[in-house]
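Have a look at the structure below, then the notes.
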Amino acid sequence: MILKGKTLWLHWAQKLPIHGWLGDFCPIFVLHRVAGDNAPGQEHLHQPEYLEWCLSYLQSEGYQAISLDELLHCRRSQQKLPKKPVVFTVDDGFVDNIVDSGGLFAKYQVPLTCFVISGFVAEELWPWDDQLKYLFQRAECLPSAFKLPGGGVFEVLPTLDHKDQLRALRNRLKRVDQRAIYPWLEHQYMLLGIPYPKQPPAGYRPAKLSQLELFIQQGHTVCAHTHSHRILSQLEAVEAKWEVQHSYTWLTAHLSKIGRTFAYPTGRGGDFNFEHQQLIESLGFTGAVSTEARTHCLGDSLYALPRLPLPEEPYQFIQYLSYIEVFKQRIRSGFLSFG
């Protein structure tokens, strides 16, 4: 890839010896899905060629890809992180997450942590938010309103397109009683006259256990991401604990090795709270990740580590990878210190 414009400028800027001045920080990236035969019909896919460029860039510029476990070990033992560290993660356990990402990252000897929905790979369910997306993709006409689980109504605004309606409804569903979310979705398929797929259709299929095992043998890590991907903040404490504990227990029973970190479903503000962080710690996990989009810095809670979405533009990747993003974060927060 020929670097030019903003990408070239940031490429040279990240070479300045400023990394150490801004403290002990580490970007933790969360990947989307990977384009190819295992993810047909999906949006916002990483092209394999772009991922190869990102991984090659790390090596050429002296960045050190470490595992999430290694990051947490350094934090717990109060050791300084390796020079210019970076961590990569991916969520859910779709076949492209495991097969395509796993093989590509293994080629570059870059460790990858996948947070797996255990009920998904057990073939008991497929994630409710993907069921909603699939429903919207096939609905020719949306109703004027959706009656929500547990009461309440979501008004469909004719001024918004399907994509914006989907995002708005998904956000509303994250704040309703999660116990009814899966039956509610099946009922919506019936109301809209769309056949409900009991098994995930093409593009939504989970990795098989044998593929997860190969992923582990390639040097990657599988960790828990709840059993059903329901939002913890909308579950009773007992059920939230079961979601976390059962996910880890099921994965441990079916795979040779499981990591001790955790990812909150969707992982944004309001999806989990401090009590859930305490729960994760009490269950013996060494840390947990959110999707708060910023670079991880020393002082962050180990049970709510932020993650940056892997961007599709090279210049953004360079910015997120380097001290430049941390500098911008400090400026935005009004707090700029060195060391």
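Just so you know, all these numbers are worked out from the coordinates, no wet-lab data involved. If you're wondering where the values come from, they're calculated on a predicted model, not measured in any experiment. Cβ placement follows ideal geometry from the backbone for every residue including glycine, while neighbour counts extend to all protein chains displayed.
Put in order of Cβ neighbour count within 10 Å, fewest first, the listed residues Ile280, Ile194 become Ile194, Ile280.
Each residue of the stretch 85-96 was assigned a 3J(HN,Hα) from its phi angle through the Karplus expression (A = 6.51, B = -1.76, C = 1.60, θ = phi - 60°), giving x, 8, 10, 10, 9, 8, 10, 5, x, 4, 4, 5 Hz with x at Gly and Pro.
Between Glu43 and Leu160, the simple label model (points 7 Å from Cα in the Cβ direction) yields a spacing of 1.3 nm. Annotation: amide H of Phe115 within the under-5 Å range of Val90, Asp91, Asp92, Cys223, sequence separation 5 or more or interchain, hydrogens built in the peptide plane.
Site pair Cys297 and Phe327 shows an inter-label distance of 1.4 nm when each label is modelled 7 Å from Cα along Cα→Cβ.
Across the options Gly20, Ala207, Leu157, the greatest Cα extent toward the positive end of the charge dipole of the chain (unit charges at beta carbon of Lys, Arg, Asp, Glu) belongs to Gly20. Shown for the chain is the translational diffusion coefficient from the Stokes-Einstein equation, using the Kirkwood radius over Cα pairs, a temperature of 25 °C and a viscosity of 0.890 mPa s: 116 µm²/s. A DSSP coil position with no more than 16 other Cβ atoms inside 10 Å describes the following GluC sites (Glu not before Pro) in the stretch 88-181: Glu123, Glu124, Glu140.
Spin-label pair Tyr108-Leu283: with each label point 7 Å from Cα along the Cα-Cβ axis, the two points sit 3.1 nm from one another. Evaluating 6.51 cos²θ - 1.76 cosθ + 1.60 at θ = phi - 60° for every residue in the stretch 197-210, the Karplus couplings come out as x, 5, 10, x, x, 4, x, 10, 7, x, 5, 7, 4, 5 Hz, glycine and proline recorded as x. Among residues other than Ser247 with Cβ under 13 Å from its Cβ, the summed charge is -2 (Lys and Arg +1, Asp and Glu -1). The GNM of the chain, with springs linking C-alpha atoms under 10 angstrom apart, assigns the highest mean-square fluctuation among Ser210, Ser322, Ser67 to Ser210. For the stretch 128-191, the convex hull spanned by the alpha carbon atoms encloses 78 Å³ per residue.
Its DSSP H runs of at least 4 residues, each contributing -39,500 (n - 2.57), put the calculated 222 nm mean residue ellipticity of the chain at -11500 deg cm²/dmol, to the nearest 500.
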